[in-house]
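The values are calculated or read from the model by the stated rules, or taken from the named source; none is laboratory data. Worth saying up front: this structure is predicted, and the values here are computed from it rather than measured. No Cβ is skipped: glycine too gets one built from the backbone with ideal geometry, and neighbour counts run over all protein chains shown. Ligands, DNA and RNA are excluded from the accessible area calculation, which covers all protein heavy atoms including side chains. Shrake-Rupley method; radii C 1.70, N 1.55, O 1.52, S 1.80 Å.
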Amino acid sequence: MLSQEENDLLTRVGPGTPGGKLLRSYWQPAALSEELPVGGAPLPVRLLGEELVLFRDEQGQPGLLGIHCAHRGADLSYGRLEDGGLRCIYHGWLYDVNGRCLEQPGEPTGSTFHERIRHTAYPCVEADDLILTYMGGGEPPLVPNYDFLTAPGHRLATKLYQECNYLQANEGNIDPVHHSFLHMRFGEGDDSRFSWYSSSKSPQIEIEEEEFGLRVYAVRRIDEERNYIKVTNFILPNLSAITGDADGYGVNWHVPIDDTHHWNYNVTYRRTQPLTVAPNGRTRESAVQAERARSKANRYLQNRAEMKDVTFSGLGKDFQAEDACVTEGAGPIQDRTAEHIASTDKAIVAARVIMLRAIRAVQAGLDPQNVVRDPARNAFPDLGAKKDIVPTALGWRRYWEAEGRERDMVSALTPAQLSLR
Ligand code: FES
Ligand SMILES: [Fe+2]
């Protein structure tokens, strides 16, 4: 259980809020690259409670500006892409990707008024199919060298609209027990992960604090000789590595639109092979899922008959609908003053402690944990998720040390590919 003050600290994301300042200390996804084709229309973007417009200039450089023109507030997403920037259609003011006002064509010849305009502008970086932005002000930190971010062609990002605060969704990623209930399927065979989830509903949960956040182990007993171990990672401040194996893993990156809505950027990463289709079936052509077939509006199409012998939840074996049903079901912002934290929530409790500590660091004027400015420290060899059948004699910690460190079969992006404009 949290106090109301703590819950507000963690969940409020608007400009000036402590939690918002924490999230603004890191690079965050602004859009998928394909939402902004070269020469295409500017894209209105609501991010961390701010109304913004994303556009590409004639060189293809992405820029993220305040959506309301600095002159008299017209919506710049209707603007013209020309002459090195974005031109407002009301009186023709022209902005570049840095927020400089290049022209005010209605002002008298020789006027220098335009030089004194600095419009809200956030730096952007394009990493393969994702446009990242830094909204924190001051010198941006390094773009993190997460292997899932720096493997062009070997990853596929899609985005899913979620009608709730970002935090309750990210907490679901580090909640291993729910696999034994919410995601249970019946009749999937006697030696499958579903049978292990079913027969071991109260797994041993272990946590280790890491530079990037938190590693979470869920150990389920299969039989005398074997354990099923699943490792997930909470990565500061709003993402988690989930469902991995030796060849890669998936990431859920919960990016607030505002306090009560977010995009879940789901990134699938494969070390050894190019990706064109994500495990959820989405492709680069169908990467944005703004409306789900199963949503709160239609009660997620829950099928009560299915609950008898097919699935525990009655939600059509749809993992994302299952997660959405329970996380959105907790309300626009989960009231954590009314919850009753159980022993199996220990990873969630630890992640909140880490987040609150990071918020206090930002309040003290410091960089929070997992903000990287030193190139020598911009490496994350142990970030991925993993799952395996492991001899009981090996133990959960030794499993990770012995088995979990194959990496870097795909070379990182060059600095030019990840250039910060
Ligand atoms: S409102 Fe944009 S130029 Fe006047
Ligand atoms: Fe889940």
Exercise. Whole number please: convex hull volume per residue, Cα atoms of the chain, in Å³.
Key: 151 Å³
Quiz prompt | Along each principal axis, Cα extent of segment 252-330, largest first, Å | solution = 40, 34, 20
Quiz item: What do you get when you divide the Cα radius of gyration of segment 148-221 by 2.2 N^0.38 Å, with N the number of residues?
Solution: 1.39
Quiz item: For the chain, what is the mean residue ellipticity at 222 nm derived from helices alone (per DSSP H run of n ≥ 4: -39500 (n - 2.57); sum divided by total residues; nearest 500 deg cm²/dmol)?
Solution: -4500 deg cm²/dmol
Quiz item: Under a 1.4 Å probe, what is the accessible area of the chain per residue, stated in Å²?
Solution: 43 Å²
Self-check item: Residues in segment 147-161 reached by a label modelled at residue 288 [backbone nitrogen below 16 Å; 7 Å Cα→Cβ]
Solution: 157-161
Practice problem: Rank-order 263-269, 12-18, 343-349 by packing density, defined as the average count of other C-beta atoms within 10 Å over each peptide's residues, highest first. | Solution: 263-269, 343-349, 12-18
Quiz item: In segment 155-403, what percent of the accessible surface is made up of carbon and sulfur (1.4 Å probe, ligands and nucleic acids excluded)?
Solution: 52 percent
Practice problem: Compute the distance in nm between two label points, each set 7 Å from the Cα along the Cα-to-Cβ direction, one at residue 394 and one at residue 118. | Solution: 5.5 nm
Practice problem: Using a 1.4 Å probe over the heavy atoms of the protein chains, calculate the carbon and sulfur portion of the accessible area of segment 27-133 as a whole percent. | Solution: 48 percent
Quiz item: For segment 1-114, what number results from the quotient of the Cα radius of gyration and 2.2 N^0.38 Å?
Solution: 1.28
Quiz prompt | Fully extended contour minus Cα-Cα distance, from residue 4 to residue 357, at 0.36 nm per residue | solution = 125.4 nm
Quiz prompt | With DNA, RNA and ligands ignored, accessible area of residue 335 (1.4 Å probe; Å², nearest 10) | solution = 70 Å²
Quiz prompt | Ordering of 298-307, 158-167, 123-132, 104-113 by packing [mean C-beta count within 10 Å, highest first] | solution = 158-167, 123-132, 298-307, 104-113
Quiz item: Using the eigenvalues of the Cα gyration tensor, what equivalent ellipsoid semi-axes result for segment 155-403 when each is taken as the square root of five times the eigenvalue, whole Å, largest first?
Solution: 26, 25, 19
Exercise. Could you check how many percent of all C-alpha pairs in segment 231-363 are farther apart than 17 Å?
Key: 71 percent
Practice problem: Could you state how much accessible area residue 45 has, in square angstrom rounded to the nearest 10, with a 1.4 Å probe and all protein chains kept in place? | Solution: 10 Å²
